[in-house]
Amino acid sequence: MKYFPIFVSLEQNRVVVSGGGETAVAKLRLLLKTSAHVDVFSDAPVRAVQDWAQSGHVTLHRRKLEAGDVAGARLFYAADEEAEEAERAAVIARAEGAIVNVVDNLQASDFITPAIVDRDPVTVAIGTEGAAPVLARAIKAKLEEQLPPTLGALARVGKLFRAQAAKLPQGLPQRKFWADYYFARGPKLLDAAPEQAEAALGELLQQHMEQAPDAGHVAFVGAGPGDPELLTLKARNALHEADVVIYDGLVSAPILELCRREALMIAVGKVGFGPSTSQQKINDLLVAHAKAGAQVVRLKGGDPTVFGRLDEEIDALEPAQISWHIVPGITAASASIAALGQSLTKRGRNQDVRFMTAHDMKGFAEQDWRALARDGEVTAVYMGKRAARFIQGRMLMHGANPATPVSIVENASRPDQRTLATTIAQLGADLAAANVTGPALMVLGLAPRAAQGHQQQEIAL
Ligand code: SAH
């Protein structure tokens, strides 16, 4: 971060602008939203500047800026139409201690003016360090859409309710009131009767005060392998209704975007082998939020019942008498097999299929390797990347045919999905060479169908 965002008070402060053309007008329009005292230096001010001078909004000096003019000013804008004049003015301003912005000249500026979403007193400033003004504008447009125009008025009235709202029980009841106030019923009440907004909003607070606290609940929801279209409708509904979402690192960004925007989002994920929130901490979070009355969604990658430490979390809820239910999801094995264009089971080939984890609490997990090594067996290996050579060794040791196909599907169902076809003999070397960084599932016993000469249509994600 090269530029540090701050909000500067311009109350009782002087801002000096050099220039009186259209460039200056654009900046003045922003500055006039503040209560700063604005001095404009220009020997050829355009109409708008003259009008603002006439109405007392700015002080116009009909001459070029000179030494001494910027003394004591907090901010300075070199908004001249000619670059040389702007440069000259900037030198004076800097010498006199103001922070300088030379309009449209990043290099020569001490500060930049961000794109602004104005819901006074709520202000959102967007900066891209000059990298992409188009992006800043696009973000601004998105935010404008999301922040109701009533937000400013609500925030002003909201200040009056703060002490009173603090009497609501802390945590969820307060958050629920403010969410209702700013995003649900508040804007409607304000729209309906702007003059009586205060009374109507006071009534809203009263209703929240009188409400019996909700009973909390935890839904263990499967987020699927990553593609938001692979969420179940039930999962989607649960996300829409959640007050609190406690989610794993495997859950993809487009899925998190489906959560209610007022929901409290808590990441407990571990990314790869990086640091993670301890299971105890996760259990505590579940219990604490549900006890406070929240509808909690515990969002887990794939299916919550597959290698997701689900039982430990349920065991934490039971003594606290917190109700819960499970919403199944599409597990990584299903998505990966689909990517391979294969079937998990096939008559005459395998009557059973295994989902195994390569890791257990002690390290690499031991399995019934002799059974796994039989011809035709299909095994989906979760968390297998690091254990590839171990699995290879165990399979060969227990008599697996070295030519047994192995497929690896990285980022199954995501835009960056990748499949790798190898064999037991080559597994360790091929996987090491492939530089797999995303979550990956290993399928022992199956090659991608395409590798067998069949066509599978690539559907654009
Ligand atoms: N509950 C999850 C599995 C959690 S264990 C499920 O049902 O899918 C985490 C492992 O799942 C990862 O190490 C990886 O092996 C696998 N995995 C999860 N998402 C995946 C994806 N999109 N593509 C490939 N493998 C994935």
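The values are calculated or read from the model by the stated rules, or taken from the named source; none is laboratory data. Just so it is clear, the model here is predicted, and its values are computed rather than measured. Cβ atoms come from the backbone with ideal geometry, glycine included; neighbour counts cover every protein chain shown. What goes into the accessible areas is simple: the full protein's heavy atoms, side chains included, and nothing from ligands, DNA or RNA. Shrake-Rupley method; radii C 1.70, N 1.55, O 1.52, S 1.80 Å.
Applying the selection to segment 296-305, what residues are part of a loop (DSSP other than H, G, I, E, B), crowded, with 20+ Cβ neighbours inside 10 Å and more than 6 Å from the ligand (Cβ to nearest atom)?
Selection gives P304 alone.
Checking each residue in segment 326-343 for being over 26 Å from the mean Cα position of the chain (by Cα) and either on the phi > 0 side of the Ramachandran plot or more than 8 Å from the ligand (Cβ to nearest atom) (or both) picks out S334, I337, A338, A339, L340, G341, Q342, S343.
Please specify each residue of segment 330-343 satisfying the condition of being in a loop (DSSP other than H, G, I, E, B) and crowded, with 19+ Cβ neighbours inside 10 Å. Don't jump to the end; show me each part of the working.
To start, the set of residues in segment 330-343 that are in a loop (DSSP other than H, G, I, E, B) comprises 330-331, 341-343.
I330, T331, Q342 - these are the residues of segment 330-343 that are in a loop (DSSP other than H, G, I, E, B) and crowded, with 19+ Cβ neighbours inside 10 Å.
The single condition among (1) at pLDDT 95 or above; (2) open to solvent by 20 Å² or more (accessible area, probe 1.4 Å) that P275 does not meet is (1).
So if I check each of R62, R88, R119, which one is of a type in the set (K, R), farther than 24 Å from M1 by Cβ, open to solvent by less than 70 Å² (accessible area, probe 1.4 Å) and free of Cβ contacts under 8 Å to residues at least 60 places away in the same chain? Outline the logic, then answer.
Working: R62 fails: open to solvent by less than 70 Å² (accessible area, probe 1.4 Å); R88 fails: open to solvent by less than 70 Å² (accessible area, probe 1.4 Å).
Just one listed residue meets the conditions, R119.
Scanning segment 199-233 for residues that are within 16 Å of the ligand (Cβ to nearest atom) and more than 20 Å from L172 (Cα to Cα) returns V221, G222, A223, G224, P225, G226, D227, P228, E229, L230, L231, T232.
Quick grid of which residues meet (1) more than 16 Å from the ligand (Cβ to nearest atom); (2) surrounded by fewer than 19 Cβ atoms within 10 Å (Cβ to Cβ):
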| residue | (1), (2) |
| --- | --- |
| R370 | yes, yes |
| R374 | yes, yes |
| T379 | no, no |
| G384 | no, no |
| Q426 | yes, yes |
| T437 | no, yes |
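What number of residues in segment 22-55 are assigned to a loop (DSSP other than H, G, I, E, B) and open to solvent by less than 60 Å² (accessible area, probe 1.4 Å)? Number satisfying all stated conditions: 6. Within segment 371-400, residues that are closer than 25 Å to V436 by Cα and assigned to a helix (DSSP H, G or I) sit with their Cβ atoms under 6 Å from residues that are within 16 Å of the ligand (Cβ to nearest atom) and open to solvent by 30 Å² or more (accessible area, probe 1.4 Å), at 6+ positions apart or across chains, in these pairs: F390/F364.
Okay, residues lined up against (1) more than 27 Å from the chain's Cα centre (by Cα); (2) at pLDDT below 90; (3) not charged (D, E, K, R):
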residue: I92; (1), (2), (3): yes, no, yes
residue: A132; (1), (2), (3): no, yes, yes
residue: K140; (1), (2), (3): no, no, no
residue: P173; (1), (2), (3): no, yes, yes
residue: Y181; (1), (2), (3): no, no, yes
residue: R185; (1), (2), (3): no, no, no
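Count of segment 143-170 residues, restricted to those that are open to solvent by less than 70 Å² (accessible area, probe 1.4 Å), assigned to a helix (DSSP H, G or I) and of a type in the set (A, V, I, L, M, F, W, C), is 8. Restricting A36, A48, A67 to those that are hydrophobic (A, V, I, L, M, F, W, C), more than 23 Å from A115 (Cβ to Cβ) and modelled with pLDDT of 95 or more reduces the list to A67.
Do we find a residue being over 41 Å from the mean Cα position of the chain (by Cα) and surrounded by fewer than 17 Cβ atoms within 10 Å (Cβ to Cβ) anywhere in segment 72-83? Spell out the reasoning first.
Step one: filter segment 72-83 for residues over 41 Å from the mean Cα position of the chain (by Cα), giving 72, 82.
Within this subset, residues satisfying the condition of being surrounded by fewer than 17 Cβ atoms within 10 Å (Cβ to Cβ) are 72, 82.
Within segment 72-83, one or more residues are over 41 Å from the mean Cα position of the chain (by Cα) and surrounded by fewer than 17 Cβ atoms within 10 Å (Cβ to Cβ).
If you filter segment 311-329 down to residues that are open to solvent by 20 Å² or more (accessible area, probe 1.4 Å) and in a strand (DSSP E or B), you find that the one that is farthest from L172 (Cα to Cα) is I326.
Looking at I255, is it out of contact with any Phe, Trp or Tyr (no Cβ under 9 Å at 6 or more places or on another chain), open to solvent by less than 20 Å² (accessible area, probe 1.4 Å) and within 16 Å of the ligand (Cβ to nearest atom)? First the steps, then the outcome.
Working: out of contact with any Phe, Trp or Tyr (no Cβ under 9 Å at 6 or more places or on another chain): no; open to solvent by less than 20 Å² (accessible area, probe 1.4 Å): yes; within 16 Å of the ligand (Cβ to nearest atom): yes.
The answer is no for I255.
Within segment 181-200, restricting attention to residues that are out of contact with any helix residue (DSSP H, G or I) (no Cβ under 6 Å at 6 or more places or on another chain) and buried (at least 17 other Cβ atoms within 10 Å of the Cβ), the residue that is farthest from A238 (Cα to Cα) is P187.
Within segment 174-196, no residue that is over 16 Å from A263 (Cα atoms) sits with its Cβ atom under 6 Å from a residue that is polar (S, T, N, Q) and in a helix (DSSP H, G or I) at 6+ positions apart or across chains. The condition (being among the aliphatic types (A, V, I, L, M), over 41 Å from the mean Cα position of the chain (by Cα) and outside any strand (DSSP E or B)) is satisfied by just one residue among A403, A412: A403. For G216, the conditions (1) open to solvent by 20 Å² or more (accessible area, probe 1.4 Å); (2) in contact with a Lys or Arg (Cβ under 8 Å, 6 or more places away or on another chain) are fulfilled apart from (1).
Scan G348, G293, G308 and give me the residue that is at pLDDT below 95, open to solvent by less than 60 Å² (accessible area, probe 1.4 Å), outside any strand (DSSP E or B) and more than 16 Å from the ligand (Cβ to nearest atom). Steps first, please.
Values: G348 fails: open to solvent by less than 60 Å² (accessible area, probe 1.4 Å); G308 fails: more than 16 Å from the ligand (Cβ to nearest atom).
From the options G348, G293, G308, the qualifying one is G293.
Residue selection: L250 fails the criterion of being within 16 Å of the ligand (Cβ to nearest atom), at pLDDT 95 or above and under 19 Å from the mean Cα position of the chain (by Cα). Taking the criterion of being over 15 Å from P213 (Cα atoms) and without any contact (Cβ under 8 Å) to a residue 40 or more places away in the chain, the residues of segment 159-173 that qualify are K159, L160, R162, A163, A166.
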